[in-house]
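Some notes on the structure that comes next.
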Amino acid sequence: MTITGQDTDAKRALQALEDDRSSVRLRAALAVGTAPDPRFVEPLVERCAIETDFFVRDMLTWALTRHPVAMTLPRLVREVRSGRGQARSQALHTLSKIGDRQAWPAITRTLLSDADDDVARSAWRTAVVLVPEGEEAGLAEVLATQLGRGERETQLSLSRALVALGEAIVPALRAATMVPDPRVRVHALATERLWHDPDAGFEFAVEEAKRVVALGGSGQEGR
């Protein structure tokens, strides 16, 4: 078997992905994405699951998007069922960047309600990108089950995902404003406000929603 210069370069790039220095790993991911090779797909996905540096992870995702969808999609779909949270989250993030709706069946209710907030947020963003036309209302109903969850970052992420679905979210949000849990009602009202007025700001929308709920309202009065 003849070892070519390309084989040597590929081997060096793959080895560099495991270097202790994040700057070296970043350059390696850039190199791998610049010269796509089927041999890179598996190592890239595996590295995504354990990479500690945000910028390197983002470059790994970019490198994966440079490879043919026929090679990356099946591997990423398997990865969203991984037992490791980062593996699921990063695979979902990469699927959102690829944007191929063939991956839609992999976005399950289980992922959309994953106990790991990072995974759930990635699943919400990815679902909005991949949802088939006409299924937005169904997705909104599932996402609405997560209203009131977590702290500001998680709630803002969910609100943004819902708002991105457009008018299809209205029935799910209005139903959520009637539930007993005040956190859910506040989050639903704040999200509806953002849908009507994207410039309102999340904090303002939340504070306004809290006042409505504190006064015993649901935001539906007079509608």
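Observations on the structure shown:
- If you model the stretch 7-130 as an ellipsoid using its alpha carbon gyration tensor, with each semi-axis the square root of five times an eigenvalue, the axes come out at 25, 15, 11 Å, biggest first.
- Average Cα contact separation per residue, the chain, under 8 Å, 6 or more apart, as relative contact order %: 11 percent
- Helix 22-34 axis, angle to the chain major axis (alpha carbon atoms, nearest 10°): 80 degrees
- Rounded to the nearest 10 degrees, the inclination of helix 182-196 to the longest alpha-carbon principal axis of the chain is 80 degrees.
- Across the stretch 121-129, computed HN-Hα scalar couplings (Karplus, 6.51 cos²θ - 1.76 cosθ + 1.60, θ = phi - 60°) run 4, 5, 5, 4, 5, 5, 4, 5, 6 Hz from first to last residue, x flagging Gly and Pro.
- Using every pair of separate Cα atoms, the Kirkwood estimate puts the hydrodynamic radius of the chain at 19.0 angstrom.
- For the stretch 137-223, radius of gyration divided by Kirkwood radius, i.e. Rg to Rh on alpha-carbons: 0.91
Bear in mind that the values in this text are calculations on the coordinates, not laboratory data. Keep in mind it's a predicted model, so treat the numbers as computed, not measured.
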